[in-house]
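Reading through the structure tokens given below for one structure.
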């Protein structure tokens, strides 16, 4: 039984790998015209690599962190709303995860408020 599954898996792996290899050769034979950028029929205004602000990157990271914080706090709030006063293992686990996450946010806040600088690609920020 195991040998049959092994043969099927190896056969499919070889088949899909060879199919990908053959198709990649056909895709690489694209003309230079198809690889050029296209902006509504006009020549492109600027290069393809556009730099963006490091401040934007930090704001996006902060948004993600606090979004995850809300996702972690929701079960914690629902637990106490439903009267989960008894300390089962699930309640202790949720409390532990919440404490670890909140303490990591507190350490980040202390780091930020001490005036240390975060050095980015375009310079330093407070």
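Apart from one condition, residue 48 fits all of (1) surrounded by 11 or more Cβ atoms within 10 Å (Cβ to Cβ); (2) modelled with pLDDT under 75; the exception is (1). Within segment 59-81, one or more residues are closer than 30 Å to residue 98 by Cα, at pLDDT below 75, more than 30 Å from the chain's Cα centre (by Cα) and assigned to a helix (DSSP H, G or I).
The values are calculated or read from the model by the stated rules, or taken from the named source; none is laboratory data. All values reported here derive from a predicted model rather than from experimental measurement. Quick reminder, even Gly has a Cβ in these numbers, built from the backbone with ideal geometry, and neighbours come from all protein chains shown.
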